[in-house]
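Structure record follows, encoded as structure tokens.
The values are calculated or read from the model by the stated rules, or taken from the named source; none is laboratory data. Quantities reported herein were computed from a predicted structural model and do not represent experimental measurements. Here the Cβ positions follow ideal geometry from the backbone for every residue, glycine too, while neighbour counts run over all protein chains shown. All accessible areas refer to the heavy atoms of the entire protein, side chains included, with ligands and DNA or RNA removed. Shrake-Rupley method; radii C 1.70, N 1.55, O 1.52, S 1.80 Å.
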Amino acid sequence: MTDASHPMDPAAEEPVLRLENVVRRYVQGEASLEVLNGASASIAAGEVVALIAPSGTGKSTLLHVAGLLEKPDGGEVYIEGRPTATLDDAARTAMRRNQVGFVYQFHHLLPEFTALENVTLPQVIRGLKEKEARERAADLLAYLGLGARLTHRPAELSGGEQQRVAIARAVANAPRLLLADEPTGNLDPTTSAYVFKTLTSLARASGLAAIVATHNLDLAATLDRRITLRDGLVVDV
Ligand code: ADP
Ligand code: MG
């Protein structure tokens, strides 16, 4: 039993991501568009959440704010319990690099580099020794079913393979939070299902918190929880 004088370790209970009354607006001339208008949400470690909402409702905005790519105009974004609103740019960038991985609809892999190099590079940039970075990259790619594609360049890979390399790259530095913005939006249904499955099993195996924006309701149904955006708020569906 716990009592008030012996509280449980708060860090153990802390969600990886917590949005608190987040406001994000785009001002153009006289007009102000409130995309997020007091949005709150919590994502726990090991939880893979689908973000389903029509185009233009603010899915990408939410992911950018959650991943510290954009600053909110109000409210607070906590990453592993740490408030981020008052961080300076260098601290935000460091936190984003260390704690957050992004996957986009288009892979953005470096075309001149092999799959293995694309996944090795971010780790070396972060300071890992090349040999260790390559080993981790090879392990990740093998986990994602790409063990036989290590030396292929992006142009020599299928769309689904490119996205799996992009997923490996996103988690190469062992982030706590994975944000995927319509990662299968550009793939056929069978490939989408496979990429989705590998993404979710990787997230669960690594205890990551993940948000996956998608239009695919069947795939969303396979995740732990579903949220949407309504009038600038995050609501469960
Ligand atoms: P979604 O990802 O759900 O399609 P977005 O987050 O990209 O939606 O966009 C939400 C709304 O904000 C849209 O109406 C979009 O036009 C607008 N918007 C997004 N980014 C900007 C920006 N940089 N400047 C002005 N308006 C923007
Ligand atoms: Mg979008």
Highest mean first, how do 50-62, 218-230 rank when packing is the count of other Cβ atoms within 10 Å averaged over residues? 50-62, 218-230
State, to one decimal in nm, how far the label point of residue 156 lies from the label point of residue 89, with both points 7 Å from Cα in the Cβ direction. 3.9
Relative packing of peptides 125-138, 201-214, 103-116 - highest average C-beta neighbours within 10 Å first: 201-214, 103-116, 125-138
Enumerate the lysines that residue 59 could reach by cross-link, defined here as Cα to Cα under 17 Å, with residues fewer than 8 away along the same chain left out. 71
If one puts a single equal scatterer on every Cα of the stretch 180-237 and applies the Debye formula without solvent, what log₁₀ I(q)/I(0) results at q = 0.25, 0.31 Å⁻¹? -1.11, -1.40
Radius 10 Å from Cβ of residue 81, net charge of other residues (Lys, Arg +1; Asp, Glu -1): -1
In the chain, what percent of the accessible surface is made up of carbon and sulfur (1.4 Å probe, ligands and nucleic acids excluded)? 52
Using only the alpha-carbon atoms, what does the stretch 30-173 span along each of its principal axes? Please give whole angstrom values in decreasing order. 51, 33, 32
